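To start, the structure under review is shown below, and the notes come after it.
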Ligand SMILES: NC(=O)C1=CN([C@@H]2O[C@H](COP(=O)(O)OP(=O)(O)OC[C@H]3O[C@@H](n4cnc5c(N)ncnc54)[C@H](O)[C@@H]3O)[C@@H](O)[C@H]2O)C=CC1
Ligand SMILES: O=C(O)[C@@H]1CCC=N1
């Protein structure tokens, strides 16, 4: 059980998911400090985890070796500039989960080159089944990488990317990805109901099918294409359904959607960098 102190700035949904993962992994609650201006968030976190909470961001940083930035990107410039004087002395590892906030922008707001790890998690982190992309700035040493990875691994599967621009691709695939699968589930449920199933049966069959397919894809040595072939009997029902997806060129559609998400991530990063 580690006793190195971690400070979370912003105690919303993603911070709650990360803290839940850390505590489930045996991290000491008394070593976790969170600041959030919203008293309801502070009370909720205190009651659920028994951790220390603060209204003032600077106070939460007290003796923290790692700072996790879990605020909305729009308030990043103000909050980073506000805590900069404290960080200049303590020089913690900064782990940012803010979408679209480049390392260079944070370095500028801090006014000093701190070790920064950018993380792109996704909402399944709430059930410790997240998929998380990480990138380290050149200032991060092996111990810092290890620490960032340990924190994020509590929320799910972790993959490092070697260049920061690839975080935008991670955003397009796994950051936004849960929404793509949820959309597909919505469509499957609707189709089930239109074919005569009751809503609850359609819902449960759809979700369990998604879970089963994901579990098989994760545990099998075969690629998804082979697993798909195993379901598809020649001249059978699956083949007929897949031909409809192929007519609509599903692969091209998915590539277009992911590229649109990636391009929007680039746009948001530029806006945040230029605005401040
Ligand atoms: N939701 C998602 O799928 C993903 C979100 N992210 C990133 O995670 C970050 C947090 O998102 P959520 O947890 O969903 O948002 P949230 O709105 O649930 O949490 C943000 C928290 O920050 C607090 N806050 C507001 N002003 C503050 C200040 N000045 N100082 C400290 N705390 C302040 C709010 O009271 C709130 O509790 C965002 O930057 C987002 O880009 C990253 C990947 C995926
Ligand atoms: O939709 C968004 O912009 C954020 C980033 C990844 C998931 N949600």
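Just one of the numbered conditions (1) without any contact (Cβ under 8 Å) to a residue 40 or more places away in the chain; (2) in contact with a helix residue (DSSP H, G or I) (Cβ under 7 Å, 6 or more places away or on another chain); (3) crowded, with 18+ Cβ neighbours inside 10 Å; (4) part of a helix (DSSP H, G or I) is not true of residue 22: (1).
Among the residues of segment 91-114, write down those that are more than 15 Å from ligand 2 (Cβ to nearest atom), outside any helix (DSSP H, G or I) and under 20 Å from the mean Cα position of the chain (by Cα).
Taking segment 91-114 as the starting set, the residues that turn out to be more than 15 Å from ligand 2 (Cβ to nearest atom) are 91-95, 103-114.
Right, trim to outside any helix (DSSP H, G or I) and you get 91-95, 111-114.
Across segment 91-114, the qualifying residues are 93, 94, 95.
Filter segment 57-77 for residues that are assigned to a helix (DSSP H, G or I) and within 9 Å of ligand 1 (Cβ to nearest atom); which is surrounded by the most Cβ atoms within 10 Å (Cβ to Cβ)? Spell out the reasoning first.
Going through segment 57-77, the residues assigned to a helix (DSSP H, G or I) turn out to be 57-60, 73-77.
Checking the rest, the ones that are also within 9 Å of ligand 1 (Cβ to nearest atom) come to 57, 60, 73-76.
Values: 57: 22, 60: 25, 73: 17, 74: 13, 75: 13, 76: 22.
Ranking the qualifying residues of segment 57-77, first place goes to 60.
The number of residues in segment 78-96 that are surrounded by fewer than 14 Cβ atoms within 10 Å (Cβ to Cβ) and under 21 Å from residue 12 (Cβ atoms) comes to 1. With respect to being surrounded by 13 or more Cβ atoms within 10 Å (Cβ to Cβ), in the same structural domain as residue 254 (by the TED database) and more than 22 Å from residue 124 (Cα to Cα), residue 206 falls outside the description. When the residues of segment 25-56 are filtered to those that are touching a helix residue (DSSP H, G or I) at 6+ places or on another chain (Cβ under 6 Å) and not in a strand (DSSP E or B), the one that is nearest to ligand 1 (Cβ to nearest atom) is 36. Residue 186 passes every criterion in (1) surrounded by fewer than 15 Cβ atoms within 10 Å (Cβ to Cβ); (2) within 27 Å of residue 251 (Cα to Cα); (3) modelled with pLDDT under 95 apart from (3).
Rundown of residues vs (1) assigned by the TED database to the domain that holds residue 96; (2) within 14 Å of ligand 1 (Cβ to nearest atom), yes/no style:
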residue: 113; (1), (2): yes, no
residue: 125; (1), (2): yes, yes
residue: 156; (1), (2): yes, yes
residue: 183; (1), (2): no, no
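The combined condition, being in contact with a helix residue (DSSP H, G or I) (Cβ under 9 Å, 6 or more places away or on another chain), without any contact (Cβ under 8 Å) to a residue 60 or more places away in the chain and part of a helix (DSSP H, G or I), is not fulfilled by residue 252.
The values are calculated or read from the model by the stated rules, or taken from the named source; none is laboratory data. Nothing here was measured: the structure is a model prediction, and the numbers come from that model. Neighbour counts are summed over all protein chains in view; Cβ atoms, including those assigned to glycine, are modelled from backbone coordinates with ideal geometry.
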